[in-house]
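All remarks here apply to the structure that follows.
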Amino acid sequence: MPRIPITGWWRCVIYFPVQRSGPGTSRLFAASAGRLNATAKARHRDQESKTKTLTFLRATLTKSRKQPIRPVESGLRATPRFPQVRASGEALPKNTAENPDAAGNGDMRMTDLFTFRGAKKIIFGRGAFEGIAGAVGELGGTKPFIVMDGTLARSGTAARTAELLDGNGLEHVLFDRVVGEPPLEIADEGAQLIRDANADVVIGIGGGSAMDAAKAMAALARGKDRAEQYLGLDRVPGPGLPTIMVPTTAGTGSEVTFTAVFIRNDLRKKEGMNSPFLYPDIALLDPLLTLSVPPAVTAATGIDAFCHAFESFTSRQASPMSELFSLEAIRLIAENLRTSVHNGSDADAREGMLLGSLYAGLGLANAGVTAVHSLSYPLGGRYGIPHGLANTVLLPVVMRFNLPAALEKYAAVAETMGEPVEDCSLREAAMYAVDAVEELIGDCGVDSTLETLGIARDDFDEIAEQAMKVSRPLENNPRALSPEDAIEIYNEAF
Ligand SMILES: NC(=O)c1ccc[n+]([C@@H]2O[C@H](COP(=O)([O-])OP(=O)(O)OC[C@H]3O[C@@H](n4cnc5c(N)ncnc54)[C@H](O)[C@@H]3O)[C@@H](O)[C@H]2O)c1
Ligand SMILES: [Fe+2]
């Protein structure tokens, strides 16, 4: 059974011991989730909508797990939750581009067994950063290596970090040369400096760029391997130095994921290291650190978090436990992103966003992302478009493409985002999810298209080919996606 001591909404500590669960575990977790929801509910401004959302979710997902395929008004089929086999054991037809709803959610698996992982310890709350020295001590560290991007370091964050560590007698080394969407070489550079300095804990402070760089540096620091060797899945040979991740954007969720993403300038593409050895030891989240994120970055990183939540919720790898985090992330982001963008000093909204991006990261770490991320990778790798922005441009188009394959989940998302789904057909309710997301993006002031981002239509064949190689998210996608579909999606997003 997962140990989830929760000490309050404003300041909570959640432990996620690595665990492997069977069917009984979801029932056991329901009790913890109930406590989590009860605490959150008590604190939340809009209790009524939250209760409604959870009721709808429970009803929808419980119903969909129990029911066989049933027709809906539109003639499309409502999809059972895990429709890969009929009760007889006969395989359902797979969805295809021509027949996208043949098997509803495709061959999403009834996972009798699922795992749930994240950072070993999560500390969340306003002022949590003040405890950074204590976190270092908890990991047995005496000489931390701090990884930041230059802009953030110069904004006063490096000075404040130094104060907190010096005040506790901790000598530290600062590496502040991370840039947005970092190149792979930076991981080797940092790892060498860690070895030279004999540092014993790595702290990543910043957005995903700094945290990913820090995770990779820590993994590399114990040996002599090169970062290139760790790209791909399960290529990290063993544990690196202990890590503490401190997000300062509410976006990537990197503080709880097993991924570190880099640009390979030689190949003009993005590639990731994916390994359980990259899970941070401590994720330390302080919403106050995000107050200074400018509106455009707040919007793009916030929609990235939304993508993690939505994609993990609709992923073929989703489990009952990941769904809880993904859907709650959707609710938190839908409720708090607009205010965070337009009134960045609103600490309540920033807190909601940081919690939302944390939950979305847990969804991502455990259920993966889907086609939005596959299709956006080449936009970052070839054109240097910031990750969140690339996802934002593609999200509504991919949502429309996937809709027929995940109607019930879309309907749950629509309701969670406050859409009036009560008297709708399932398909209509599902379409409200796309509307809600388009409105959210518009309200956050993002009106970019692939054209305005400077991407030429002539490149679509090539970038589609690259996107198709980002295969794991595509395998998770609820609807099969061909290279022609990818090109069509780029055309739609142009
Ligand atoms: N590891 C994962 O699971 C994962 C998931 C998604 C994305 N990523 C990767 O993360 C990277 C993107 O991370 P990101 O979207 O957080 O952007 P980022 O880290 O590049 O930061 C964006 C900008 O925000 C600034 N910034 C950060 N915190 C700030 C603050 N508190 N106040 C003011 N400015 C601040 C930075 O200086 C930078 O200019 C990409 O490389 C992406 O591929 C990783
Ligand atoms: Fe992302």
> So what are the ³J(HN,Hα) numbers for the range 314-321, from phi and the Karplus equation (6.51, -1.76, 1.60; θ = phi - 60°), rounded to whole Hz, Gly and Pro as x?
Replying inline: 9, 5, 5, 8, 4, 10, x, 7
> So how far, in whole Å, is the C-alpha centre of the range 147-185 from the one of the range 110-145?
Replying inline: 18
> Taking R0 as 56 Å, what's the FRET efficiency between Ala159 and Ser482 from their Cβ-Cβ distance, rounded to 0.05?
Replying inline: 0.60
>> Per residue of the range 397-403, what does 6.51 cos²θ - 1.76 cosθ + 1.60 with θ = phi - 60° give for ³J(HN,Hα)? Whole Hz please, x for Gly and Pro, Karplus curve as stated.
In response: 5, 5, 4, 5, 4, 7, 3
> Check Leu174: other-chain or 5+ apart residues with amide H under 5 Å from its amide H, H built from backbone geometry?
Replying inline: Ile146
> Taking 0.36 nm per intervening residue step and subtracting the Cα-Cα distance, what contour gain separates Asp166 from Ser425 on full extension?
Replying inline: 87.2 nm
>> Using the basic label-point model (7 angstrom from Cα toward the beta carbon), what is the Asp225 to Glu439 distance in nanometres?
In response: 4.8
> So, in Å, what gap is there between the alpha-carbon centers of the range 312-338 and the range 368-400?
Replying inline: 18
>> Please arrange Asp443, Asp458 by how many other C-beta atoms lie within 10 Å of their C-beta, fewest to most.
In response: Asp458, Asp443
>> Projecting each Cα onto the charge dipole of the range 265-424 (Lys/Arg +1, Asp/Glu -1 at the beta carbon, about the Cα centre), which of Leu337, Ser376, Thr314 comes out farthest on the positive side?
In response: Ser376
>> Just to be sure I understand the model, the point goes 7 Å from the Cα along the line to the Cβ. What's the resulting Asn265 to Glu462 distance in nm?
In response: 1.9
> What does the charge dipole of the range 167-282 about its Cα centre add up to, to the nearest 20 debye, if the Cβ of each Lys and Arg holds +1 and the Cβ of each Asp and Glu holds -1?
Replying inline: 260
> In nm, to one decimal, how far is the Ser471 label point from the Asn198 one, both placed 7 Å along Cα→Cβ?
Replying inline: 4.6
> Can you work out ³J(HN,Hα) from phi for every residue in the range 451-464, in order, using Karplus 6.51 cos²θ - 1.76 cosθ + 1.60 and θ = phi - 60°, giving whole Hz and x for Gly and Pro?
Replying inline: 5, 5, 7, x, 9, 8, 4, 4, 7, 4, 4, 5, 6, 5
>> Taking 25 Å as R0, compute the FRET efficiency from the Cβ-Cβ separation of Thr142 and Arg177 and round it to 0.05.
In response: 0.60
> What is the ratio of the Cα radius of gyration of the range 121-290 to 2.2 N^0.38 Å, where N is its residue count, to two decimals?
Replying inline: 0.93
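A short reminder: the numbers here are calculations on the coordinates, not readings from a lab. Because the structure is predicted, anything quoted here is derived from the model rather than measured. Please note: Cβ atoms are built from the backbone with ideal geometry, for glycine as well, and neighbour counts cover all protein chains shown.
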